[in-house]
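Here the structure is laid out as structure tokens; the discussion comes afterwards.
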Amino acid sequence: MMIRRVLTGFVGLTLAAVSIAPAAAASRDSAVLRHTDLGTIKGNDQSRSTGTYTWLGIPYAEPPVGPLRWHAPLTHQPWSGVRHTTAYGNGCIQQGRLFSPAPSGPHYGLDIRDGLGQPVGAEDCLTLNVYRPATRQKKLPVIVFVHGGSNVVGYSADPMYDGNALARTANAVVVTINYRLGSFGWLDLPQLKTGDPANDSGNFATLDQIEALRFVHRNIAAFGGDAANVTAMGESAGAVNVWALLVSPLAKGLIDKVIPLSGGLLFATPAQARTYADALVTAAVGSSGNRDEDVRRLRQLPAADVIRAQIARGAVVGDPPAVIADGTVLPTDYHAAITTGAFAGIPVLAGNTLEEGKLFGAVLGAYRPSDYERFTRQYFFNPNKPSPYAVRDFINDRYLPVDAPDGWNAASKQLGDAIFAGIVRDSMNAMQAAGNKNLYYYQFGWNQQPAPFDAVYGASHAIDLPFVFGTFDRGVFAFAFSRRNAPGRLQLSGLMMDSIAAFVRTGRPHQNVLGTRWEQWPRSLVLDAGDRAATAAPGSVG
């Protein structure tokens, strides 16, 4: 009898476990099942690991291929059934650089160096990713992030932009987007005109970003977000794009606040864009004497060949002009547009790093190793072991010692001021003159990398991004983050994410940061950390 009772109990428990398991799985599935106006999607339940739900690679526009190459984005056609959105979409076709995807797909790895200087990514790339806390809360603030990369490189799957930690810490819905890049994103040719002013602007990538914002506006409630509280955030070229979106009449009503980091208002003129586009056609297909025929051949060219022509042209004139002041998608005079006061009610939280120029040593011929060798050394560098390198292994003798009057520190500062500081001051001053009373600015000073990277890069351009996203484990800057500097940088990262959380809710970052009041522009707050603790202090904008 005893044996029978035990067996009966065991069988009962087993059957109960079997019945509970499908119920638990169904519950997990329903947590990440969402219904959008394009169709039903199923994402990743990461509640046990990261405390978030994610949906990756959601298409928001039709693939811009074939007849849709150099065409304004078309809203993606609805799909039937359940679409699994558990993996990132392709990075957009681009020339391989340090911040590009690997040739084998949208991921970060050693093989990125194999794509340096080569076409990587794909034309079919207009997707976005959504991250949110694993809760049932609704009406959460929304952060839409536009990646940087000089508007010629970058991809939303870069591990530096993983939105899990920011979504959880800020208690917000975070969206990261892909958009067309380089000559695929901005190209102004008469032969591409259709008679539609937006399509004829040449601002295809800007229109991609607006289309992504429209998807967010229509669907973010399905992810627990508040369509009436959307903050556009971007860094570097992404910040240039965010400022452009702010003044675009086509983005009106889609953005409530902006966080532009290391970038400002900077438009190309139609004349600049046209001159580049004409030269690109010749570089790609030659000149037959019949421009219509040349452009027809360009449209049919494999995407990789267009990128190769862009690379060849770039060696002569630099990157393609991006963000074109066309008069429809973007105003011909952004100063005049701001002067109207139409954007005075949009709060701005802007920032710069204190040593922006140190990421651009190649511009000055300051880096000793090639990008291939520099990437390799940094990829294998162990920040918790004694460094095998000295500053001289990375910086040419011309800029040594780094603290000489014409050394690396001085030269990189001059470069950073020329590229970044001026456009940020101009943009913020224009907003202030137009009556905006919610303008905040920070300067990022963290330079606690293990030697020699504290001198080679220090508080370089983009080094603040792992702090904004809480992504220190993988990516281009992983060499900088050691156990020794963890206490201070983690505190600084938490402070930055908390300030973003306050800003997206109230239009103001935390007013008191570590005992220092965060005043409005033109005042600045310098955010920094030693190995043990974060610091905040008033800074000078000049």
Worksheet item: Just wondering, is there one or more residues in the range 426-441 that are buried (at least 20 other Cβ atoms within 10 Å of the Cβ), under 15 Å from residue 356 (Cα atoms) and either touching a residue at least 40 places away in the same chain (Cβ under 8 Å) or touching a Phe, Trp or Tyr at 6+ places or on another chain (Cβ under 6 Å) (or both)?
Response: no
Worksheet item: Restricting to the range 388-408, what's the tally of residues that are outside any helix (DSSP H, G or I) and touching a residue at least 24 places away in the same chain (Cβ under 8 Å)?
Response: 6
Fill in: Selection within the range 156-182 - touching a Phe, Trp or Tyr at 6+ places or on another chain (Cβ under 8 Å) and over 22 Å from residue 505 (Cα atoms)
156, 157, 158, 159, 160, 178, 180
Discussion item. Exactly one of these conditions fails for residue 232: (1) in contact with a Lys or Arg (Cβ under 8 Å, 6 or more places away or on another chain); (2) in contact (Cβ under 8 Å) with a residue 40 or more places away in the chain; (3) over 28 Å from residue 436 (Cα atoms). Give me its number.
Written reply: (3)
Worksheet item: Conditions: (1) at pLDDT below 95; (2) over 22 Å from residue 465 (Cβ atoms). Residue 532 meets all but one. Number of the miss?
Response: (1)
Item to complete: Considering each of 133, 103 in turn, give the residue that is at negative phi and without any contact (Cβ under 8 Å) to a residue 24 or more places away in the chain.
Response: 103
Worksheet entry | Top-ranked residue of the range 485-498 - restricted to ones that are surrounded by fewer than 23 Cβ atoms within 10 Å (Cβ to Cβ) and among the small types (Gly, Ala, Ser), ranked as farthest from residue 529 (Cα to Cα) | 494
Practice prompt. With the condition kept exactly as written, say whether any residue in the range 153-161 is more than 16 Å from residue 241 (Cα to Cα) and touching a helix residue (DSSP H, G or I) at 6+ places or on another chain (Cβ under 8 Å).
Written response: yes
Discussion item. For residue 42, only one of the following conditions fails: (1) touching a residue at least 60 places away in the same chain (Cβ under 8 Å); (2) touching a Leu at 6+ places or on another chain (Cβ under 9 Å); (3) farther than 18 Å from residue 209 by Cβ. What is its number?
Written reply: (1)
Worksheet item: Scanning for something under 25 Å from the mean Cα position of the chain (by Cα), under 21 Å from residue 238 (Cα atoms), in the same structural domain as residue 428 (by TED's automatic domain parsing) and in a strand (DSSP E or B), does the range 460-478 turn up at least one residue?
Response: yes
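The values are calculated or read from the model by the stated rules, or taken from the named source; none is laboratory data. These numbers were taken from a predicted model, which means no experiment stands behind them. Virtual Cβ from ideal backbone geometry, glycine too; neighbours counted across all protein chains shown.
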